[in-house]
There are 2 protein chains.
Amino acid sequence: MNVSSRHDLGPPPQLGYIESRLDRVAELRGDAAALKEFAAHARAGGYAIGGELVVLKSAAGVCDPLFSPAEAPALGRVHESVFLGLSDGAPRFGFRLDPQSIEPLKARNDLTITDLRSIAVQGLVAAEHLPPLAEAKALLSWHARHSHCPNCGAKTEVVQAGWRRDCPACKAEHFPRTDPVVIMLAIAGERCVLGRSPRFAPTMWSCLAGFVEPGESIEEAVRREVREEVGIACGRVNYFASQPWPFPSSIMIGCHAEALSDAIVVDRDELEDARWFERDELAAMLERRHPQGLTTPPPVAIAHHIIRSFVEDGCDVIR
Amino acid sequence: MNVSSRHDLGPPPQLGYIESRLDRVAELRGDAAALKEFAAHARAGGYAIGGELVVLKSAAGVCDPLFSPAEAPALGRVHESVFLGLSDGAPRFGFRLDPQSIEPLKARNDLTITDLRSIAVQGLVAAEHLPPLAEAKALLSWHARHSHCPNCGAKTEVVQAGWRRDCPACKAEHFPRTDPVVIMLAIAGERCVLGRSPRFAPTMWSCLAGFVEPGESIEEAVRREVREEVGIACGRVNYFASQPWPFPSSIMIGCHAEALSDAIVVDRDELEDARWFERDELAAMLERRHPQGLTTPPPVAIAHHIIRSFVEDGCDVIR
């Protein structure tokens with residue numbers, strides 16, 4: 001326990017896309033009779049997604065993201081229908097539409113068409129829908145980009161209710177891809193490093209992040225990415241939490257890291273800028289009272305929580 | 001701190017495939033001039049791998065796993081040559097051979113042909129070679145199974161020194177795949193659950209494990225897998241450590257989990273058996289003095305360390 005000041009930011013907000021209430025009942029994915037029953041179930045419903053866009057039924061208050069298996073084809077051609085699991089016994093699916101076929105739906109008053117980040121940040125649907133929406137989005141994005149066998153080039157067939165694609169030519173079996181990404185805060189005493197991607201809103205600063213590469217541990221990936229992006233050497237790395245991030249198919253692995261050097265050298269291919277931030281400045285950003293209006297990512301994103309825990313606990317986050 | 005007994009198992013052994021000494025210098029992967037220089041470097045060397053087999057130069061004591069860029073093609077046709085990084089300035093590569101072209105090499109006295117697990121467990125090469133061997137194995141396995149574009153089926157081209165494959169037809173860019181796997185010990189008081197895969201050596205018991213699925217966090221994947229494989233509900237989940245596991249391209253994410261139920265229901269599709277083990281029994285297994293000769297996985301595997309930390313610290317491993 002160090003003697004640095006403690007900030008109390010109040011009760012922690014909810015991290016997005018986690019704590020799914022679905023039972024995935026993976027053992028039923030190959031059970032044709034069960035799947036037929038699920039599709040015909042009175043409470044069956046699914047999420048309609050095309051590319052980055054999600055179709056919602058407009059409503060006062062929160063929107064309804066569920067379409068019955070009979071309603072979905074009226075929105076456009078359903079390329080794949082995947083079985084996500086059971087929500088209190090009600091079967092849940094993902095329906096993959098073309099992004100192009102969704103565009104004209106934007107004209108309809110009874111529908112709201114937007115992307116999943118906006119849905120989460122703006123709270124457009126009941127919170128319980130966010131994890132299965134993430135599951136559907138990640139799985140359907142994989143189907144959209146994996147119609148062919150990477151081993152031999154033949155067209156593949158959907159099996160296991162959307163959880164596998166098999167190649168009829170070379171017999172290879174292909175499973176959905178999930179890309180591990182490390183996202184981290186390098187810390188030295190009372191300060192830490194944040195960066196800005198050119199894609200960010202102009203006031204936003206966030207944690208550094210990057211894909212885990214073949215042949216490295218999470219801890220090695222954290223040290224490599226921090227060194228590559230800002231030229232800082234890191235020592236100890238502590239895991240913090242994780243979050244599915246279906247843009248298109250990542251899992252974010254959040255860490256705190258002990259910074260061992262001071263001078264920042266920004267990799268301008270990756271970042272627009274990076275600099276040290278004091279805990280007090282971060283507290284002002286989290287509470288949206290920063291004098292220059294600088295902000296952190298919203299609570300739906302794990303970066304918010306990684307930063308927040310450092311503001312609250314200081315360098316105690318490194319054990 | 002609980003009052004359970006503490007076992008002192010001595011200094012911890014080294015986890016396999018981590019703590020790479022290579023600098024991956026990712027920024028040079030697209031630099032043709034630098035790559036040409038690396039290939040011609042006097043100390044350039046690479047690992048020759050075909051499928052599960054690795055080619056080593058036989059020697060008294062430890063084998064030498066490095067072949068110069070001139071030596072590699074004499075072993076067989078090199079399908080892809082990938083740049084792994086610099087080892088104290090010496091360029092390191094991976095050379096992908098056909099498993100079939102390696103078979104006849106087994107007759108040669110000057111070569112040792114075996115798989116990477118055996119190399120690690122038996123200490124056939126100097127320890128510093130294990131991480132780059134894992135990097136090469138994972139990257140080359142990906143190339144072996146991804147010659148075609150999953151988006152359109154066309155043949156893809158290797159770019160970025162082996163770190164990307166581009167599709168000349170649809171222009172899609174494809175990156176090496178790393179599959180996150182959770183591997184965990186479900187704990188209740190002084191005991192924990194181990195399982196046996198039918199593939200294991202007859203005396204070996206280990207942690208449960210399974211792939212992280214799209215749309216779930218590490219913690220959710222741990223709870224789902226334990227429930228699916230042995231029917232036990234878990235509460236708190238604590239990250240322990242991680243390890244690249246290039247068989248063919250996983251990262252193992254090690255966790256301890258708080259078991260909330262008692263009755264084990266074994267999923268016989270996944271496991272041959274599973275049962276509760278007391279800490280004292282695990283200590284005997286780790287120290288190879290179990291009365292029935294039961295064993296844990298070797299120290300090269302993260303399961304060994306996950307089990308060992310529970311034996312040493314008891315349920316304090318759950319925070």
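The values are calculated or read from the model by the stated rules, or taken from the named source; none is laboratory data. What you see is a predicted model, and the numbers here were worked out from it, not measured in a lab. Virtual Cβ from ideal backbone geometry, glycine too; neighbours counted across all protein chains shown. Note: areas computed on protein heavy atoms with side chains; ligands, DNA, RNA excluded. Shrake-Rupley method; radii C 1.70, N 1.55, O 1.52, S 1.80 Å.
Here are a few things to note about the model shown:
- The set of residues in region B:190-207 being buried (at least 21 other Cβ atoms within 10 Å of the Cβ) and either more than 17 Å from the chain's Cα centre (by Cα) or over 16 Å from B:Ser309 (Cα atoms) (or both) consists of B:Cys192, B:Val193, B:Leu194, B:Gly195, B:Trp205.
- Answer residue from region B:141-154, given it is at the interface with chain A (Cβ under 9 Å from one of its Cβ atoms) and assigned to a helix (DSSP H, G or I) and is surrounded by the most Cβ atoms within 10 Å (Cβ to Cβ) among those: B:Trp142
- Residues of region A:155-186 that are within 8 Å of chain B (Cβ to nearest Cβ), open to solvent by less than 20 Å² (accessible area, probe 1.4 Å) and part of a strand (DSSP E or B): A:Pro180 alone.
- Complete set of residues in region A:177-211 that are of a type in the set (Lys, Arg) and in contact (Cβ under 8 Å) with a residue 24 or more places away in the chain: A:Arg177, A:Arg191, A:Arg196
- Any hit, region A:68-91, residues being under 30 Å from B:Val230 (Cβ atoms), part of a loop (DSSP other than H, G, I, E, B) and open to solvent by less than 80 Å² (accessible area, probe 1.4 Å): yes
- Residue that is surrounded by the most Cβ atoms within 10 Å (Cβ to Cβ) [pool: residues in region B:240-262 that are over 27 Å from B:Glu281 (Cβ atoms) and within 7 Å of chain A (Cβ to nearest Cβ)]: B:Pro244
- Scanning region A:62-99 for residues that are among the polar types (S, T, N, Q) and either without any contact (Cβ under 8 Å) to a residue 40 or more places away in the chain or on the phi > 0 side of the Ramachandran plot (or both) returns a single hit, A:Ser68.
- Only one of A:Ala263, A:Ala274 that is of a type outside the set (S, T, N, Q), in a strand (DSSP E or B) and under 24 Å from A:Pro198 (Cβ atoms): A:Ala274
- Total residues in region B:28-65, condition under 19 Å from B:Asn109 (Cβ atoms), open to solvent by 20 Å² or more (accessible area, probe 1.4 Å) and not acidic (Asp, Glu): 7
- Screening the candidates B:Val237, B:Val300, B:Val222 for the property of being assigned to a helix (DSSP H, G or I) and buried (at least 18 other Cβ atoms within 10 Å of the Cβ) yields one hit, B:Val222.
- Among the residues making up region A:225-234, those that are part of a helix (DSSP H, G or I) and either at the interface with chain B (Cβ under 10 Å from one of its Cβ atoms) or out of contact with any strand residue (DSSP E or B) (no Cβ under 7 Å at 6 or more places or on another chain) (or both) are A:Glu225, A:Arg227, A:Glu228.
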